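A short write-up of the structure that comes next.
The values are calculated or read from the model by the stated rules, or taken from the named source; none is laboratory data. Note that the structure is predicted; figures quoted are calculated from it, not measured. Virtual Cβ from ideal backbone geometry, glycine too; neighbours counted across all protein chains shown. With ligands, DNA and RNA removed, areas are computed over all heavy atoms of the protein, side chains included. Shrake-Rupley method; radii C 1.70, N 1.55, O 1.52, S 1.80 Å.
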Amino acid sequence: MPINLDAYLGVHAKALPLRSQRTEVLAANIANADTPGYRARDIDFKAALAAASNPQSAAQLKTTQSRHISTAQVNGTPAGELKYRTPLAPALDGNTVDTQLEQAAFAENSVRYQATLNFLSSKFRGLLTAITGQ
Amino acid sequence: MSSFKIFDVAGSGMSAQSVRLNTTASNLANADSVSSDPNQVYKAKHPLFEAIRAGLGTNGASNGVAVKGIYESTAPATARYEPGNPLADANGYVYAPAVNSVEEMVNMISASRSYQNNVEVMNTAKEMMLATLRLGQ
């Protein structure tokens, strides 16, 4: 019986690239903490994961001409899941990055990334145990 | 692999902050560089940061920072009455640059903290990538 690796790994295989992408977005926020006019962004993780696990459920705009802009997925994540953060205390220069908030989100995201990795790792170890039969 | 872009983003942030630290050092070092002509005196320099809109990341998710330019403060030089100074003009005045030392110190601390943030981001991203490489072992 062939093993469906996608089904076996479950949601974790889809969560990992999303976590990695969120790290990238948060890194950009932290790097731009002193850039005038920069608006902090984040990924709506719940919506992004739902869209990644079930591509049919995500609303897609139809493109009937080659020059229409597609909402199709770019590198696995729909572009629409990237949202602007609501600033708690916007700065005079238009920058909406709250460094403490971004750092907290970055740490949280990094821990969750490690958790997803651990889940995947134990899945692979289980598979290896089954294969070697020891 | 998209994680490599984190290094680009954090690296651009570090380089921008070090430019800011450089201008702060220059301003503080020249705080007492007096001149006999108010137009010739040193002017405080400040960098202008700008987000790199395109080029990095998937669907524009990650913006690096670029130093758009360095602008010079337009604040007028402060005149000091020092008739004994060899640089003094006919009326006995020398002109000192309009460098606000307190403001520069605050800038220095802010730049240094932002730099550390970017280093921390880079370290965490590195650890995450190494953990991914060890996946399944």
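Brief remarks follow.
- The requirement of being surrounded by 12 or more Cβ atoms within 10 Å (Cβ to Cβ), aliphatic (A, V, I, L, M) and modelled with pLDDT under 85 is not satisfied by A:VAL97.
- Residue in region A:20-33 that is modelled with pLDDT of 90 or more, facing another protein chain (nearest Cβ under 9 Å), within 26 Å of B:SER12 (Cα to Cα) and not in a helix (DSSP H, G or I) present: yes
- Output for region A:119-134, where each listed residue is over 15 Å from A:ALA7 (Cβ atoms) and either open to solvent by less than 60 Å² (accessible area, probe 1.4 Å) or part of a loop (DSSP other than H, G, I, E, B) (or both): A:SER121, A:SER122, A:GLY133, A:GLN134
- Whichever residue in region B:86-109 is of a type in the set (Gly, Ala, Ser) and touching a residue at least 24 places away in the same chain (Cβ under 8 Å) and, among such residues, is farthest from the other protein chains (Cβ to nearest Cβ): B:ALA88
- Test result for A:GLU102, at pLDDT 90 or above and open to solvent by 50 Å² or more (accessible area, probe 1.4 Å): no
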